[in-house]
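J.: This is the structure I have questions about; it appears just below.
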Amino acid sequence: MNRVRKVVAVFACFALGISLFSGCKKAEEQPLPSPEISAAPNFSVHRSTLDQYGLTGEIKEDGEFACAVYYPRLENQAMDAVIEEKVNSRIASFKEDASNLASQESQRPHAWLFMDFRSVQAGTNGNIASIRLFGWSRKAGEEAPQYFSECLSFDIASGRQLVDGDLFADGYQQPLADLCSAALAEAYPGQEISFESCPLDGIASRALPTASGIELYFSSSEVAAADLGILSVSLSYESLNAILSKEMQYRLSENYGQPQPRPEDNRQPFESGGRMLDPSKPMIALSFDDGPDSEVTPKILDLLRQYDARATFCVVGNRVGSRKDVVKRAVDEGNEIANHTWEHKDTNKLNIEEIKDQITRTNDIVREASGFEIRYIRPTYGNVKDNLKQVSRELNMPMVNWTIDSEDWKSKNPDLIYQMIMSEAKDGRVILCHDIYDTTYQAMARVIPDLIAQGYQIVTIDELFSFADSQPVGGQVWRKR
Ligand code: ZN
């Protein structure tokens, strides 16, 4: 356990509104400061540190409520939108919480909110932006402030927010709780530390990846008996190695951003879908959900034909009837069709018979339109529960989700879609798009030639699997990172 580099600090150190974040290591040697706030806190300016990533935004208010809020501006549309949403909702809930004081309190202001932040880069070449928003709020008449802390991390290239699975491997909860309790117990001799009532799901909001390790933040009410404010633990990457996700290990590794060597494959190039595929070269699968669409699907088919690429169209059955020609053309040109249910129903809410009906009707109309026998189910909303699994098993149709979400439905912005895909592209990945937005088509006009220029063969899901080490089977869902 002595390999665990332990730094524990109490962030009850906002006395007079001054954030001492950058002094957190000092706090280790000091006696625990007790929360203390003057009646009219001096909202100190944000203390920008040398390693701060991005610029500083601020929101100040001085009236019924006093706010001094500092937050990072990373000058990236996707990341800034997430950060601003967090900041604004924190301010809104603070005001709502304090609004009933307005009638009772003559003192103005009658509530205070102070928020500061830390913003650093982590990972090889700084591929991760790590943000921590923290501070306190206090209402007139309250003795002690309420402290808060929330972490966010992003892949800088795409602006995508990192979630639990991006940081830690499956089953991380118990080993991580053990590491954190050991470090906290050492820092607080005599305190009872327990992670029993502290769920470690949603760890991404407590975790701040830095250059040397991951800092984790817990409210003392979750893990300790005494009220000690916010507790932090800093664990080195070395000590976390066994529970870091593959993704995170890659982000920390020297070969981050380098083309991945492909496992040796001595098979010869072969003919598939009307063109030759070389098993020794990288492959990536494009999948398009929710179509067919009379306008967008044919435009995407034009691109695929132009670049001699193939894709998988995960069709909604009831959209096929009036667009049989589009489906037939997709099949004739070597593309694959997958099953995205008859009515885009959420299968979590259907019984087995209803799911079977959704799937078989779609299989039937695609067969009638194009002669194609559908092999794979693309679960709606990515949802996979037991009923769908059972149908998948009975019909021997494996379920296939994705490994790169282009978020085209959300951004409808060709530049963001392009960035999202290109920054995550890797051999063997499956990309989720929707062939119902013209913005997706516009992104594809750059994505397809650029992936090819990077050496990828753009293939169908079935072609991709013909090289996978393990073949998907009915009843199982494929989603590989
Ligand atoms: Zn869908």
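Every read-out reported here was derived from the displayed coordinates using simple, explicitly stated rules and does not represent laboratory data. Remember, it's a predicted structure, so these values are computed and weren't measured experimentally. Because the Cβ atoms are built from the backbone with ideal geometry, glycine has one as well, and the counts that use them run over all protein chains shown.
J.: Among 117-129, 56-68, how do they line up by average Cβ neighbours within 10 Å per residue, starting with the highest?
T.: Going by the mean number of other Cβ atoms within 10 Å, highest first, we get 117-129, 56-68.
J.: Here's another thing I want to ask about it. Please compare each pair in Lys349/Lys412; Lys299/Lys324; Lys356/Lys389; Lys345/Lys389; Lys299/Lys328 to a cut-off of 18 Å on the Cα-Cα distance and tell me which ones are over it.
T.: Lys349/Lys412
J.: Let me ask another. Describe numerically, in nm with one decimal, the distance between label points set 7 Å from Cα along Cα→Cβ at Ala225 and at Asn255.
T.: Computed distance between label sites Ala225 and Asn255 equals 5.1 nm.
J.: What distance in nm separates the simple spin-label points at Lys426 and Ser236, each placed 7 Å from Cα in the Cβ direction?
T.: 2.5
J.: Would you kindly state how much longer the chain becomes between Ala453 and Glu394 on full extension, computed as 0.36 nm times their sequence separation minus their alpha carbon distance, in nm to one decimal?
T.: Working: separation 59, 0.36 × 59 = 21.24 nm, distance 4.12 nm.
The Ala453-Glu394 span can extend by a further 17.1 nm.
J.: Which far-off residues, 5 or more places away or on another chain, put their amide H under 5 Å from the one on Trp478, with H placed in the peptide plane?
T.: Met399, Val400, Asn401
J.: Given a Förster distance of 22 Å, report the FRET efficiency between Ser93 and Ser205 from their Cβ-Cβ distance, rounded to the nearest 0.05. Walk me through the numbers before you get to the answer.
T.: On the way: r = 15 Å, r/R0 = 0.70.
The value I calculate is 0.90.
J.: Still on this model: Under a crude label model (7 Å from the Cα following the beta-carbon direction), how far is Asn383 from Thr56 in nanometres?
T.: Distance between label points: 4.6 nm.
J.: Here's something else I'd like to know. Compute the length gained on full extension between Gln146 and Arg73: take 0.36 nm times their separation in residues and subtract their Cα-Cα distance, giving the result in nm to one decimal.
T.: 23.8 nm
J.: While we're looking at this one, here's another question. Residues in the stretch 308-337, backbone N under 20 Å from the label point at Ser272 (7 Å along the Cα-to-beta-carbon vector): list them, ranges by number please.
T.: 308-315, 330-337
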